Amino acid sequence: MTEIKQSSNVMVELIKVGKTYPPNVEALAEISLSVSKGEMLFLTGRSGAGKTTLLRLLSRIEHPDKGLVEIDGKDLGKLSRANIQQLRRRIGVAFQDFKLLPQRTVARNIALAMEVAYQKKSFIRKQIHELLQRLALSDKLHTKAADLSRGEQQRVAIARALANNPDLILADEPTGNLDGETTERVMELFDDQLQRGTTILIATHDPAIYADTDHRVLELKDGHIQSSDTENHRQPAEEEL
């Protein structure tokens, strides 16, 4: 039986985590990181720095070669398949491959995520219409995912990730295919989730979405934590006022 720790303020915990892909590509090395409940964290760094791998470990798509990965006090390496499925219902994931069902409509792609979480039909209908309205996709309700542009598919994937009001959101380049106005819409939705107490990790190449924020910014380089850009996002010191 998996030992469950007492509840704490930590949502994500990685301790000396490493991940290497064949033949000998080190994606992550000795990563230790703590993310509090209700925190928004930006992961930055060049392509290949390890950002996506880190998010995939947290969603249990990938397994670490070494180290400890915990979500809300639960060691992902010790959870049964059934418990992993339960945990995933609390996590909203928006990755760059989208994973939409191409022959299903936008509405069905979002609804399926809520149906597996046993949401009521009334909630599902309301949530779909609200999310699509806020993402300027209301006219795509009955459009098949295969007929959408890449930017539209990205917004549907984000809507699906947020649909269940999850405890944890993992977003990989969520604004990569979007214009400035649509990026603002997406970030407003993330901010609303943050106000609910959701923990949010965003991997991004776009400094514009965190340039004026007080949230923590963590840089990865060659699989290592390079720096935490907290200094640039603090309020001015008293002597500067």
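Quick notes on this structure:
- Sorted fewest first by neighbouring Cβ atoms within 10 angstrom, 118, 210, 21 come out as 118, 21, 210.
- Relative intensity, log₁₀ I(q)/I(0), of the chain from a Debye sum that treats every alpha carbon as a point, q = 0.15, 0.18 Å⁻¹: -1.09, -1.46
- Long-range tail of P(r) for the stretch 1-134 (Cα pairs > 24 Å, %): 42 percent
- Quotient of the Cα radius of gyration of the stretch 132-214 and 2.2 N^0.38 Å, N being its number of residues: 1.07.
- Extending 7 Å from the Cα toward the beta-carbon at both residue 188 and residue 103 defines two label points whose distance is 3.7 nm.
- Whole-Hz ³J(HN,Hα) from phi, Karplus 6.51 cos²θ - 1.76 cosθ + 1.60, for the stretch 128-137, glycine and proline x: 4, 5, 5, 5, 5, 5, 6, 9, 6, 10
- Ordering 71, 101, 24 by Cα displacement along the dipole of the chain toward the positive end leaves 101 in first place; charges were set at the Cβ atoms of Lys, Arg (+1) and Asp, Glu (-1).
- Distance between the C-alpha centres of the stretch 120-141 and the stretch 178-218: 21 Å, rounded to the whole angstrom.
- Put a plus charge on the Cβ of each Lys and Arg, a minus charge on the Cβ of each Asp and Glu, and nothing anywhere else: the dipole of the chain about its Cα centre is then about 1680 debye.
- Residue among 211, 157, 113 with the largest mean-square fluctuation in a Gaussian network model of the chain, springs linking Cα atoms under 10 Å: 211
- Of 16/78; 16/74; 37/126, pairs whose Cα-Cα distance is over 24 Å: 37/126
- Of the residues 161, 82, 136, the one that moves most in a GNM of the chain with alpha-carbon contacts below 10 Å is 82.
Values quoted throughout were computed directly from the atomic coordinates according to the rules given, and no laboratory measurement underlies them. What you are looking at is a predicted structure, and each value in this text was computed from that prediction instead of being measured. Cβ sites come from the backbone with ideal geometry, for glycine too, and all protein chains shown count toward neighbours.
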